[in-house]
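> Structure incoming, see below.
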């Protein structure tokens, strides 16, 4: 069975337009489990230069919760431009590594909008 | 340098580096409430990562690290993958097995429901889960974690497999793959047969960038390079019939900016959440193709 998207596409323009940030696109994203009660979902957006966290309650609201833009540091670059993952045990904690962190892993608290710690893989500290 | 990252179900962070080592940090363990966070901040000594093992030989960079149940780690590299187990009694990590592959590991899927399904079909009751690994050579492999053995499933694509998704599909297990050439395909893991193919069209940017299977196994959703989402129904082969496509591909413009979809995930067996390269986030009701809302740069639109 073969299908072709271009033959069946029926695009619906719901957003008036927006200039995509081609200089620093989102290269990876991670979605948290919904919060108990509110159903809030946290979405982390990893770019090469920064991490953004979006709070979403489906059908109710969405907002840019916080951003983290590390001071570009020396050291080795990660293979991927950026990567991120939510903690599965503590809500709001996200791990982020990118070129801007020099390959270091940043533990970021999205609920408090602050860095908890930065770990250098190469040295183990 | 960090080349791969995952978070285990116990909260530990596993980091693969460019020299083939895997590191583990239990940073999360002591940070369960506000006081712990404050304590963590007030501690001048930064948390450390502990090396689990030199997981791959010859300083081969880790391309994928995946924490599995039972204290196991799946570690993928340029031409091989290894499974390691944390032997708590011995206090260290031991290699379970090595898989020789035909390219770099680009994706490894060990879905819980799929594990149960595949275990029942392909392994004896006392063996451990299977997963599906795809490589930069375009091939897909069924991997038995316990023994470190692999069976070639299919030459999924002529070029690199960019990402993949595995789900139970009725009585079978389906693998959705997406290649760097923009082609998405769905495979029946039992027979190795191709169920669905969506061609790339480079001229219109409707290349597939992500392919995910709905939790109930009835649909395959494809994120596209033009910000669209394609949805197609897939039959599960009920009554012994071969799985197949049901109905046409429905295409919804999830990201009107036209930025490519870079991430797609189903929310609690419901709508599909997609993230585009411009940072816009869309939630699409794949049952009807209608949008719940779109978020872009901090505004609800």
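Every read-out reported here was derived from the displayed coordinates using simple, explicitly stated rules and does not represent laboratory data. Since the structure is predicted, the reported quantities are computational estimates derived from the model, not experimental observations. Every residue, glycine among them, receives a Cβ derived from its backbone with ideal geometry; neighbour counts consider all protein chains shown.
> How much length would be gained if the chain were fully extended between residue B:193 and residue B:94, taking 0.36 nm per residue of separation minus their Cα-Cα distance, in nm to one decimal?
32.1 nm
> Please give the peptides B:259-265, B:155-161 ranked by average Cβ packing (other Cβ atoms within 10 Å per residue), highest first, as a rough proxy for protection.
Going from most to least packed, we get B:259-265, B:155-161.
> Hey, another quick one. If you rank A:112, A:65, B:253 by fewest surrounding Cβ atoms within 10 Å, what's the result?
A:112, A:65, B:253
> Say each of residue B:155 and residue B:59 gets a label point 7 Å from the Cα, pointing the same way as Cα to Cβ; how far apart are those two points in nm?
Here the answer is 3.4 nm between the modelled labels.
> Moving on. Per residue of B:280-287, count partner chain C-beta atoms within 10 Å of its C-beta, then hand back the mean as an integer.
Mean shielding by partner chains, rounded to a whole number: 3.
> Averaged across B:5-13, how many Cβ atoms of other chains sit within 10 Å of each residue's Cβ atom?
5
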